[in-house]
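Take a look at the structure below.
The values are calculated or read from the model by the stated rules, or taken from the named source; none is laboratory data. Keep in mind that this is a model prediction, so the values were computed, not measured. Note that we place each Cβ from the backbone using ideal geometry, even for glycine, and neighbour counts take in every protein chain shown.
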Amino acid sequence: MKVQLVCLTSLQQGSCPYSKQYLARFEQKSKDDNMRNTLIASAVSMVLLAACGGGNTGAATEKKTEHASASNNAVAASETKTPLAALPETKELKVYNWSDYVDPATIKDFEKNSGIKVTYDVYDSNESLEAKVLTGKSGYDLVVPSNSHVGRQIKAGAYQEIDKSRIPNYGNIEPTLLKMLEGVDPGNKYAVPYFWGINTMAINKDKVEKALGGPLPENDWDLLFNPQYTNKLKSCGISILDSANEVFPMVLNYIGKNPNSSDPADMKAAKDAIMKVRPDIRRFSSSGYIDDLARGDVCVVLGYSGDLNIAARRAKEAGTKVNIEILVPKEGFGVWVDSWMIPKDAGNLANAYKYINDTLEPKVAARNGNFVTYAPASKEAKALMEKDYADNDSIFPSAEQMKNGFMMNEIKPDAMKLSTRLWQDIKKGNWNHGEKSPHSAGFSVLKKAAACKHVMK
């Protein structure tokens, strides 16, 4: 895992060796159908719960990198299917993507150059996307899930295979990202990388230092998960992502457990750790924290690296004195890859391919990268991006920093259901059985035990 993560820095420092990871071959169709039905029910329940709760380097030779690209091109050539011209011609494209995840100007240029009208809807969590695509009737031609959800959705039959021959710019993709996705998408059959980034934190440095009345802790994550610090920081505002799947890995890593654990005991331990600081958390948000941070309404945020950089940019453009610092904790941070995928019910297939190809054009990828402040999948884009972003270690972490990163992989469906339930308890401030504190929860358990004892008598 560490080798793979360090390899991400090949974007800056050259190629590197990879350890191949492949999922087992798909189970028989009957098993897949059963899994799909289970996942649909799980995804729908997640949405309902959310609504009720009120609340997304080594050093190999250049020859190996060239070989990887050549292999991709060879695969593309060998997988040629129906000629592109034979696909039904339409004049529209329906995209479902993360909020603030594309430069609107690149969409307008695509529409102008192609004559295709783009409908662009947004979401702010993987859970919202999954609930829609697993129905098989998403109504979209392109969606952008994270690697933590890709494998599960592929197995459920949510997507069409990608015909790489229809994407001339496919060879522009950074090979490391394709290697990292093989663990959830063997052979890179379904997912086309779009951006990659990290889950980390940002602080309003002036407000944090004032609230603490002293230096920052040695462990950056103490600012979010240690009551000694959060009790002081609640006065200026703490915000964390509104997603168990985005937050639990950070917490698990903080308490010394496997960040990708599906063990129920580990997930409950993560909940307990968050509950210790729950009274100090002002907001759960997967998109609104951008403006909250930019305005100075909160002072500590757990979020997506690009969004945190957008907040810093907005604060600067507004001419405020909000001093935002994005941290890359040496104690660890989550790494993810977001990819273009074509739902089974896509009605504008030819246009979907045209748009994917457009986003992989280095100049377009660089423009999008400058706007969203994430690292584009197009390997040539970094050199074309603004220097402030290209040299930003929260966008392109160094090889040394990447040694501390961990891929945020998918968890088992049962574990996902449990994490969703636990997350709703966290948001409601429930320790256990609807109780609002550890003391009342313990008392509730004692009362139930006493009642059982009385009945047994």
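One table, with the values for the structure above:
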{"item": "Cβ pairs under 6 Å, 6+ apart, first in segment 312-335 and farther than 22 Å from N404 by Cβ, second of a type in the set (A, V, I, L, M, F, W, C) and in a helix (DSSP H, G or I)", "result": "R314/A294; A315/A294; V322/A315"}
{"item": "Residue in segment 152-164 that is in a strand (DSSP E or B), of a type in the set (A, V, I, L, M), in the same structural domain as E130 (by TED's automatic domain parsing) and surrounded by 20 or more Cβ atoms within 10 Å (Cβ to Cβ) present", "result": "no"}
{"item": "Segments classed as helices (runs of 4 or more DSSP H), wholly inside segment 216-322, with at least 3 members that are among the aliphatic types (A, V, I, L, M) and surrounded by fewer than 20 Cβ atoms within 10 Å (Cβ to Cβ)", "result": "264-275"}
{"item": "Tally, over segment 232-266, of residues that are touching a Gly at 6+ places or on another chain (Cβ under 9 Å) and hydrophobic (A, V, I, L, M, F, W, C)", "result": "4"}
{"item": "Restricting segment 111-142 to residues that are touching a Leu at 6+ places or on another chain (Cβ under 6 Å) and at pLDDT 95 or above, the residue that is surrounded by the fewest Cβ atoms within 10 Å (Cβ to Cβ)", "result": "I116"}
{"item": "Whichever residue in segment 385-400 is of a type in the set (S, T, Y) and outside any helix (DSSP H, G or I) and, among such residues, is farthest from M201 (Cα to Cα)", "result": "S398"}
{"item": "Qualifying residues in segment 81-110 (those that are under 27 Å from S146 (Cβ atoms) and of a type in the set (D, E, K, R)) - the one modelled with the lowest pLDDT", "result": "D100"}
